[in-house]
Amino acid sequence: MSNKRLVVVGGNAAGLSAASYVKRRKPEIEVIVFEKSPYASYGSCGLPYYVEGIVRDPMELIAIPLKALREKRGLDVRVMHEVTEIELKRRSVRVANLENGKDFELSFDWLVISTGAIPLVPSFMEKNIPGVFTLRTLEDGIKLERFIEERKPSRVTVVGGGYIGMEMAEAFSVRGFEVTVIERLPRVLPNFDPEISEKVQKKLTEKGVRLILGDGVKAVEGDKIVRRIITEREVVETDLVLLGIGIKPNVELAKKAGVEIGNTGAIKVNQRMQTGVEGVYACGDCAESFHRILNRNVWIPLGDTANKQGRVAGANISGEDVLFPGVIGSAATKVFELEVARTGLGEEEAGNEGFGKEITQIEAGTRAHYYPGRKPILIKLITEKGTKRLLGAQAVGEEGVAKRVDVFATAIWAGMSVEELAWVDLTYVPPVAPVWDPILIAAQVGMKS
């Protein structure tokens, strides 16, 4: 038995990434992972596609089964175990076994906090009403699907027009439900610029989704089951409510222990994913990230970022010296046939951050003009006035959107100007791109603006 021990709090993307890296590089270290739910190593981003029916079995969302984590990776993963307290002076954690009700204390040499994020619970939810759900964990998805199978709802209301709200509006609509989306702000996907949101709103309306925008929820009513939502302007009768108004970093455990919380509300870390306490790391949705454009810590919770941060934490625990290079806010979603993606700063965001900016917007085709299946794509670029440095890009269309935004993300990452991007040697073949790809067209127009 090793006399060195790593304890990981949280058994999903970031935590397991850190745990696996340490065990692979330093097999002599004992690695124990505590996860309070019955499931570990699952892709929560796939939950809307389980509800929609694309993923038939929720267990398909599990990336690595518990048996493989234990036997192949050598990790002591304990589900249904909740870390209830971190004692930094004694360098130990107190753990509750949720199956037998017993608790125990365990010492650590290194600690990784990867407690993730939790759904925001709005003030209008004064009591628990059956038929009102959030969707964050695998358990949430299973409970929601069970309710649908048992209760057979016909009217569904989604509160919140962000990523999860849009993906769930599609999922419910595809299943044949009458869907209403309520968003307090004037448009859906408010972290995108208006030109992008408008395209998404048009698509939702075409698909029969009712949109109530610029209207806040005052109350959710029901006794044995949810019956209606009261907004500031109207009453919406409903059989099921999905709350998707946002998430917040799950930091109470760390905060109670005395780990510093940053200005964003997430755990403050450096680029090695170290907290201010020696040997204590934080990564994933509970931790901050360094923003390469803004040159400060931000909180942008995304699954791919969590995996990278976990690997960086694991590398540094293993004795390496690795920095997490940061994020630039790259994200994508799909709403019916539309792909929607963004990277870097939006127009308003760039202005608020004090950047002089220039805006370029183009619409082009995704394939050669004569090739069947050509689709329009709208691209918007935000560049720095004077230097022409690319600060942000957003796009919407029915094909090739996310991967084109990935090219813009690469350009931003490298600090490229639109003049440099305008002549990049991209691939061309009529079935997938025109001679002048929309990326190059947008950069050429931006170069001249």
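The values are calculated or read from the model by the stated rules, or taken from the named source; none is laboratory data. What you see is a predicted model; the values in this text were computed from it and never measured. Methodologically, a virtual Cβ is constructed for each residue, glycine included, from the backbone with ideal geometry; neighbour enumeration extends over all protein chains shown.
Table for the structure above
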| read-out | value |
| --- | --- |
| Complete set of residues in the range 322-336 that are buried (at least 22 other Cβ atoms within 10 Å of the Cβ) and on the phi > 0 side of the Ramachandran plot | Gly329 |
| Residue list for the range 93-107, filter: within 25 Å of Pro65 (Cα to Cα) and either in contact with a helix residue (DSSP H, G or I) (Cβ under 9 Å, 6 or more places away or on another chain) or assigned to a loop (DSSP other than H, G, I, E, B) (or both) | Leu98, Glu99, Asn100, Gly101 |
| The range 248-293, subset in a strand (DSSP E or B) and touching a Ser or Thr at 6+ places or on another chain (Cβ under 9 Å), residue surrounded by the fewest Cβ atoms within 10 Å (Cβ to Cβ) | Pro249 |
| Unmet criterion (only one of (1) within 30 Å of Pro431 (Cα to Cα); (2) in contact with a helix residue (DSSP H, G or I) (Cβ under 9 Å, 6 or more places away or on another chain); (3) surrounded by 18 or more Cβ atoms within 10 Å (Cβ to Cβ)) for Arg367 | (2) |
| Criterion: of a type outside the set (Gly, Ala, Ser) and within 22 Å of Glu198 (Cα to Cα) - qualifying residue of Val396, Val424, Val429, Val407 | Val396 |
| Flag for Trp413 being under 23 Å from the mean Cα position of the chain (by Cα), modelled with pLDDT of 95 or more and of a type in the set (Phe, Trp, Tyr) | yes |
| Tally of residues being in a loop (DSSP other than H, G, I, E, B) and free of Cβ contacts under 8 Å to residues at least 12 places away in the same chain across the range 321-365 | 1 |
| Enumeration of residues in the range 407-418 that are surrounded by fewer than 17 Cβ atoms within 10 Å (Cβ to Cβ) and either touching a helix residue (DSSP H, G or I) at 6+ places or on another chain (Cβ under 7 Å) or assigned to a helix (DSSP H, G or I) (or both) | Thr410 |
| Enumeration of residues in the range 337-351 that are farther than 24 Å from Arg389 by Cβ and surrounded by fewer than 20 Cβ atoms within 10 Å (Cβ to Cβ) | Glu337 |
| Of all residues making up the range 57-88, the number that are within 19 Å of Pro27 (Cα to Cα) and in a strand (DSSP E or B) | 3 |
| Which listed residue is assigned to a loop (DSSP other than H, G, I, E, B), more than 27 Å from Leu378 (Cα to Cα) and either touching a residue at least 12 places away in the same chain (Cβ under 8 Å) or over 24 Å from the mean Cα position of the chain (by Cα) (or both), from Pro153, Pro190 | Pro153 |
| Residue tally, condition closer than 30 Å to Val22 by Cα and of a type in the set (A, V, I, L, M, F, W, C), over the range 228-279 | 12 |
| Qualifying positions in the range 394-406 - under 18 Å from the mean Cα position of the chain (by Cα), surrounded by fewer than 24 Cβ atoms within 10 Å (Cβ to Cβ) and either of a type in the set (Asp, Glu) or not in a helix (DSSP H, G or I) (or both) | Asp406 |
| From Glu234, Glu183, Glu167, Glu178, residue being without any contact (Cβ under 8 Å) to a residue 60 or more places away in the chain, under 29 Å from Thr115 (Cβ atoms) and not assigned by TED's automatic domain parsing to the domain that holds Cys45 | Glu183 |
| Single condition Glu99 does not satisfy, out of (1) exposed (fewer than 15 other Cβ atoms within 10 Å of the Cβ); (2) touching a Pro at 6+ places or on another chain (Cβ under 7 Å) | (2) |
| Residue list for the range 224-247, restricted to those being within 30 Å of Ala14 (Cα to Cα), of a type in the set (Val, Ile, Thr) and either in a loop (DSSP other than H, G, I, E, B) or over 24 Å from the mean Cα position of the chain (by Cα) (or both) | Ile245 |
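Residues are listed down the side, and each one gets a yes or a no for (1) buried (at least 21 other Cβ atoms within 10 Å of the Cβ); (2) hydrophobic (A, V, I, L, M, F, W, C):
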residue: Arg175; (1), (2): no, no
residue: Thr180; (1), (2): yes, no
residue: Pro194; (1), (2): no, no
residue: Val200; (1), (2): yes, yes
residue: Lys218; (1), (2): no, no
residue: Glu221; (1), (2): no, no
residue: Arg227; (1), (2): no, no
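One line per residue, one yes/no per condition, for (1) of a type in the set (Gly, Ala, Ser); (2) crowded, with 19+ Cβ neighbours inside 10 Å; (3) assigned by TED's automatic domain parsing to the domain that holds Leu302:
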site: Val22; (1), (2), (3): no, yes, yes
site: Pro27; (1), (2), (3): no, no, yes
site: Glu35; (1), (2), (3): no, yes, yes
site: Ser41; (1), (2), (3): yes, yes, yes
site: Pro48; (1), (2), (3): no, yes, yes
site: Val51; (1), (2), (3): no, yes, yes
site: Asp57; (1), (2), (3): no, no, yes
